[in-house]
Amino acid sequence: MINEEAGAHLERCVTLAREALEAGDDPFGSVLVDGGGQVLCEARNRVVTREATEHPELVLARWAAANMTVEARAKATVYTSGEHCPMCAAAHAWAGLGRIVFISSSRQLSEWLVQLKAPVSPVRMLPIQDVAPGIVVEGPVTSLVDAVRELHEKRHRLTGKRVLPITGSFER
Ligand SMILES: Nc1nc2[nH]cnc2c(=O)[nH]1
């Protein structure tokens, strides 16, 4: 069950995901919170505007590995709009981070992407625990799933628009 504090961090993840979408990136956002409840670092997806592996969860795992003690990392929680992909789940585990709370699951995302006829992911979408079995994971958070789904719908409607053939008005 999600308390008020966790709910606020997850709302922030949705805002970050929306900012990513508005910038032309994929709609994912994440927040790293220490054992005392302080927000340490936030990130959003930048796979278009920076580079192809810039998922927020990977940025947070690398930030934590570089800036936090082993003990502090184990007590930290990562809140995120979508369940970690295998790359980010592995980085989270290698960094020795603690709990993950996600809004929508990889299974939900896979179903949405099929319905939206989005490009197929180059990496198999697996539950975090299939990649990193020691991590404590909570999600999906039903009350916020529709907000995340809406962002993915917009992303793939926009992508669809970009690939429409150029029409006669552009012909010379
Ligand atoms: N959780 C998550 N899954 C993704 N799948 C593709 N990109 C991302 C991302 O940035 N975060």
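Just so you know, all these numbers are worked out from the coordinates, no wet-lab data involved. Predicted model only: the values in this text are computed from it and were never measured. So basically every Cβ, Gly included, is an ideal-geometry build from the backbone, and we count neighbours across all protein chains shown.
Annotations
- Given charges at Cβ of Lys, Arg, Asp, Glu: the chain dipole, positive-most of 89, 69, 140: 89
- Placing R0 at 35 angstrom, the Cβ-Cβ distance between residue 75 and residue 154 gives a FRET efficiency of 0.45 after rounding to 0.05.
- Using a Gaussian network model of the chain in which every pair of alpha carbons under 10 angstrom is joined by a spring, one finds that among 37, 98, 139 the greatest mean-square fluctuation is at 37.
- Rule-of-thumb Rg ratio for the stretch 4-161 [Cα; 2.2 N^0.38 Å; N residues]: 0.96
- Phi angles across the stretch 125-132 convert, under the Karplus curve 6.51 cos²θ - 1.76 cosθ + 1.60 with θ = phi - 60°, into 3J(HN,Hα) values of 7, 10, x, 3, 5, 6, 9, 10 Hz, Gly and Pro given as x.
- With the helix formula -39500 (n - 2.57) applied to DSSP H stretches of n ≥ 4, the chain reaches a computed 222 nm mean residue ellipticity of -14500 deg cm²/dmol.
- Antiparallel DSSP beta bridges within the chain, as percent of all bridges there, nearest 5: 55 percent
- Full-stretch length increase - residue 23, residue 67 - with 0.36 nm per residue and alpha-carbon distance subtracted: 13.1 nm
- Karplus (6.51, -1.76, 1.60) ³J(HN,Hα), θ = phi - 60°, over the stretch 136-143, in Hz, Gly and Pro reported as x: 7, 10, 10, x, x, 9, 3, 5
- Spacing of the two label points (7 Å from each Cα toward its C-beta) at residue 120 and residue 3, in nm: 4.5 nm
- Karplus-derived HN-Hα couplings along the stretch 26-31 (A = 6.51, B = -1.76, C = 1.60, θ = phi - 60°), whole Hz, x at Gly and Pro: 7, x, 9, x, 9, 9
- Put a plus charge on the Cβ of each Lys and Arg, a minus charge on the Cβ of each Asp and Glu, and nothing anywhere else: the dipole of the chain about its Cα centre is then about 540 debye.
- Trypsin sites (Lys or Arg not before Pro) restricted to DSSP loop in the stretch 85-157 with at most 15 other C-beta within 10 Å: 117, 124
- Helix 106-115 and the longest principal axis of the Cα set of the chain meet at an angle near 10°.
- Positive-end residue of 59, 116, 14, charge dipole of the chain with Cβ unit charges: 116
- Residue among 80, 142, 53 with the largest mean-square fluctuation in a Gaussian network model of the chain, springs linking Cα atoms under 10 Å: 142
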